[in-house]
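For reference, the structure is listed below as structure tokens.
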Amino acid sequence: MTNEDTLRWLEHVADVLRENAAYLTQLDSAIGDADHGTNMARGFKAVRDKFPTMAAMDMAAQLKTVGTTLVSTVGGASGPLYGTAFLRAGTAITGKQELAAADVVAMLEAFLGGIVARGKAQINEKTMVDALTPAVNAAKQALNEGATLKEITTRATQAAEEGMKATIPMLATKGRASYLGERSIGYQDPGATSSWLILRSLSEVV
Ligand code: ADP
Ligand code: MG
């Protein structure tokens, strides 16, 4: 991947999140405050405004720009969480002019690491972590098996989708949905869903 490819990924994420804003907000209306779609769309609209200047940046700077933009424009929990994720993803690839498969996997691992560092959620708490953890594990396993970048991102996306669906029967113990206690059971987590969309966008661009 080159810096043109990362920009393509980010542009695709912005489009996909805008297209899915109503869906994400609908998921958040069941177990949250009905703003996840608008939060993500607002954040990536601000990112979109920076695309012209981002074209000349290296990949690390592009991802860090996304991170700082999300932190400063998204009020909900997802702003600092995804903001930290993109900042750490950028740091993981500092100095690279091109990303090989192993670099992309390291970037994804750092992305998840940012969310965990910021939100302190573990697996099975009905959050983004439940989509991203299996995705990173699948990506690492695929890399170890010598898979191509296309296979790696496809398998990561499939694992994220399964992890997202697995949030449905979970009891939320982190974030706003945890206020509902047992009533959070039976609904798919909005943040796990946006995490799946971000990974799916990457695999589509790859
Ligand atoms: P808010 O909850 O402030 O309204 P959003 O609706 O934008 O923010 O985002 C909600 C999503 O954030 C949840 O669906 C969940 O996936 C994620 N989330 C909340 N708290 C945490 C946390 N501590 N760690 C990881 N993800 C979290
Ligand atoms: Mg919300």
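None of the figures in this text is laboratory data; all of them are computed from the coordinates on show. Predicted, not measured: the structure shown is a model, and the values here were computed from it. Note that each Cβ is placed from the backbone with ideal geometry, even for glycine, and that neighbours are counted across all protein chains shown.
Does T153 satisfy the condition of being among the polar types (S, T, N, Q) and touching an Asp or Glu at 6+ places or on another chain (Cβ under 6 Å)?
Working: among the polar types (S, T, N, Q): yes; touching an Asp or Glu at 6+ places or on another chain (Cβ under 6 Å): no.
No; evaluated as a whole, the condition is false for this residue.
Report yes if S194 is crowded, with 19+ Cβ neighbours inside 10 Å and either assigned to a helix (DSSP H, G or I) or not charged (D, E, K, R) (or both), otherwise no.
On the way: crowded, with 19+ Cβ neighbours inside 10 Å: yes; either assigned to a helix (DSSP H, G or I) or not charged (D, E, K, R) (or both): yes.
It is true that S194 is crowded, with 19+ Cβ neighbours inside 10 Å and either assigned to a helix (DSSP H, G or I) or not charged (D, E, K, R) (or both).
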* Within segment 52-64, is even one residue touching a helix residue (DSSP H, G or I) at 6+ places or on another chain (Cβ under 6 Å), assigned to a helix (DSSP H, G or I) and more than 11 Å from T6 (Cβ to Cβ)? -> yes
* **Failed item in (1) away from ligand 1 (no atom under 11 Å from the Cβ); (2) not in a loop (DSSP other than H, G, I, E, B), with A117 passing the rest** => (1)
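Among the candidates A177, A147, A160, which residue alone is more than 16 Å from ligand 2 (Cβ to nearest atom), part of a helix (DSSP H, G or I), surrounded by 15 or more Cβ atoms within 10 Å (Cβ to Cβ) and small (G, A, S)?
Working: A177 fails: more than 16 Å from ligand 2 (Cβ to nearest atom); A147 fails: part of a helix (DSSP H, G or I).
From the options A177, A147, A160, the qualifying one is A160.
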* Filtering segment 69-82 down to residues that are assigned to a helix (DSSP H, G or I) and under 15 Å from the mean Cα position of the chain (by Cα), which residue is nearest to ligand 2 (Cβ to nearest atom)? -> S78
